[in-house]
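Notes for the one structure printed next.
The values are calculated or read from the model by the stated rules, or taken from the named source; none is laboratory data. All of these numbers come straight from a predicted model, not from anything done at the bench. With ideal geometry, Cβ positions are generated from the backbone for all residues, glycine too; neighbour counts draw on all protein chains shown.
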Amino acid sequence: MTPRWPFVAFGVAALAAGCEGSAPSPAAAPKPAETRVASSADVPIEVVTPQARMRRGILETSGKVQFNEETVTRVHSPVTGRVVEVLSKPGDIVEVGHALFSIESPDLGQAKSDYAKALTDVERADKALRLAKELFEVKAIPQKDIREAESDYRKAVAERERAASRLRTLGVAEEQINDAAVRGETSTRLVVRTPRSGVVVERNVVPGQVVAYGQSDTPVNLFVIADLSTMWVLADVYEPDIPRVQRDQPVTVTLPCCPGERFEGRVSYISDIVDKDTRTIKVRAVVPNRGRLLKAEMFVKVAIATGATRVLALPASAIHRDQSQLFVLVQKDKDEYERRAVKVGNDVEGGVEILEGVGPNDRVVTTGSILLKRSVK
């Protein structure tokens, strides 16, 4: 049997020689972290430069819906009397001249009697003036009698116009005044009609109710009629944000009940008074009421577009996070990249706003940066 010890000794010697050749020199310094990639073909990448984008400032707050006061009509009683019949109810869509209620009033009868008497006085004065002119032509009366007849006629005409104006104030239509003149109509029943079209949103009168005219500085609203095609939205803006708000800025209104519904309008009024309790001002917008979804006294969310600013932006895929720090990979040379810390702002159209870290001339990695960042320290 052939002994194997020489071969074992030879193997051990060879292994020892190999270990001695691979051992590092004690004087060699540690190699720094590599910032290069062997080849761009190893990691497919795409490089972009930060682009200018428009950042739209938005001021978000809360608000409340109200009727558009410029299109609201509050109907009071034009005379003192008793309500005989109520002819409209809340929710009715009414046009100009639509009957709301009828009222029985002695004031109306007195006004019609005064008008009829004034008509009679005008006729009498007119006949007296014509007779005076005829007598003067034949020199039967002096000229001063004609002047007196003319004065009486003018007084009668003025009294007729005053009586007719009183009837118009009471809500009597022009054709009804003419009917009273022709037939001597002296009915005491008056039909109160709406002066403006819209929707009846409030009614505070019932048959048999006695209503008064001119006895209070704040008379009761018997009917409230509103045009619901537009509504007012009153937003609360805090003192620090007041300089950001200007007239005619776009406003977007959303409803808590219908998050998918958006109503667009514009700022039409900015209050000059700061509420002493809430330290806010009222900013009003006129908003089209699509589908009549906006209801008076409804709380809504309001977003006011306060203007646009040009900012630098990068795609979201270019931004990475290492613990609490955000960074991007910036190309320094063909195959050389560096990690650079950045500060970001709000999302903008097509990317993320960059506040600090890179400039418009920097080349930033987007596609492939997730793989590339492992080899860039």
**Study point:** Positions within the stretch 63-121 being among the basic types (K, R) and either surrounded by fewer than 20 Cβ atoms within 10 Å (Cβ to Cβ) or over 20 Å from N178 (Cα atoms) (or both), in sequence order
**Key:** K64, R74, R82, K89, K117
Check your understanding: Would the stretch 88-96 turn up any residue that is in the same structural domain as S197 (by TED's automatic domain parsing), small (G, A, S), out of contact with any helix residue (DSSP H, G or I) (no Cβ under 6 Å at 6 or more places or on another chain) and under 22 Å from S187 (Cα atoms)?
Key -> no
Revision key, fill the gap. Note on the stretch 79-128: residues at pLDDT below 90 and touching a Phe, Trp or Tyr at 6+ places or on another chain (Cβ under 6 Å) are V79, T80
Practice item. Please enumerate the residues belonging to the stretch 245-274 that are among the hydroxyl-bearing types (S, T, Y) and closer than 10 Å to A285 by Cα. Key: T252, S268, Y269
Review point. Among the residues of the stretch 67-78, which ones are assigned to a strand (DSSP E or B) and either over 30 Å from E239 (Cα atoms) or modelled with pLDDT under 95 (or both)?
Key: V72, T73, R74, V75
Check your understanding: From the list K282, K295, which one is more than 30 Å from K343 (Cα to Cα) and either among the β-branched types (V, I, T) or free of Cβ contacts under 8 Å to residues at least 60 places away in the same chain (or both)?
Key -> K282
Review point. Mind checking whether some residue in the stretch 27-46 is surrounded by 15 or more Cβ atoms within 10 Å (Cβ to Cβ), β-branched (V, I, T) and at pLDDT 50 or above?
Key: yes
Review point. Looking at this structure, is E202 in a strand (DSSP E or B) and exposed (fewer than 14 other Cβ atoms within 10 Å of the Cβ)?
Key: no
Review point. Is it the case that some residue within the stretch 208-226 is touching a helix residue (DSSP H, G or I) at 6+ places or on another chain (Cβ under 6 Å), within 29 Å of H76 (Cβ to Cβ) and surrounded by 17 or more Cβ atoms within 10 Å (Cβ to Cβ)?
Key: no
**Study point:** Total residues in the stretch 127-146, condition of a type in the set (A, V, I, L, M), in a helix (DSSP H, G or I) and touching a helix residue (DSSP H, G or I) at 6+ places or on another chain (Cβ under 7 Å)
**Key:** 4
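Residue-by-condition table, conditions (1) assigned to a helix (DSSP H, G or I); (2) in contact with a strand residue (DSSP E or B) (Cβ under 8 Å, 6 or more places away or on another chain); (3) of a type in the set (G, A, S):
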{"position": "M54", "(1), (2), (3)": "no, yes, no"}
{"position": "K64", "(1), (2), (3)": "no, yes, no"}
{"position": "L100", "(1), (2), (3)": "no, yes, no"}
{"position": "A125", "(1), (2), (3)": "yes, no, yes"}
{"position": "E148", "(1), (2), (3)": "yes, no, no"}
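For (1) closer than 22 Å to E69 by Cβ; (2) of a type in the set (G, A, S), each residue gets a yes or a no:
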site: I273; (1), (2): yes, no
site: T306; (1), (2): no, no
site: S324; (1), (2): no, yes
site: Y337; (1), (2): no, no
Exercise for review: Working carefully through the options S113, S165, S151, find the one that is of a type in the set (S, T, N, Q) and either in contact (Cβ under 8 Å) with a residue 60 or more places away in the chain or touching a Ser or Thr at 6+ places or on another chain (Cβ under 6 Å) (or both).
Suggested key: S113
Exercise for review: Go through the stretch 210-237 and give me each residue that's more than 19 Å from F67 (Cβ to Cβ) and within 17 Å of the chain's Cα centre (by Cα).
Suggested key: V237
